[in-house]
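Below you'll find the structure, written out as structure tokens, and then a few comments.
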Amino acid sequence: MPTINYWNGTKWVAVSSASGGGAPGPQGPKGDKGDAGRSVTVTVSQAEPVAPVAGDVWIDNSATR
């Protein structure tokens, strides 16, 4: 089964390892057009994405069950 990970600004963290139910985080930076926020990139691959930014998602499809 693939694992879902997010870039926390320093390293990839498995979504299943994150605790839920906490307070919402701070508002992200405004987008190019002054919209509510910046888009994140979702990558599905066996290799870690290059140059991720905080909030990006990596679905590692090399893991199997």
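The values are calculated or read from the model by the stated rules, or taken from the named source; none is laboratory data. Please read these numbers as outputs of a predicted model, since none were measured by experiment. Reconstructed Cβ throughout: ideal geometry from the backbone, glycine too, with neighbour counts over all protein chains shown.
The C-beta contact set for segment 52-65 (first residue assigned to a loop (DSSP other than H, G, I, E, B) and at pLDDT 85 or above, second residue surrounded by 11 or more Cβ atoms within 10 Å (Cβ to Cβ) and not β-branched (Val, Ile, Thr), distance under 6 angstrom, 6+ apart or interchain) comprises 52/7; 56/7; 61/2.
Which one is surrounded by the most Cβ atoms within 10 Å (Cβ to Cβ), of the residues in segment 15-51 that are at pLDDT below 85 and within 20 Å of residue 62 (Cα to Cα)?
Among those that are at pLDDT below 85 and within 20 Å of residue 62 (Cα to Cα), it is 15.
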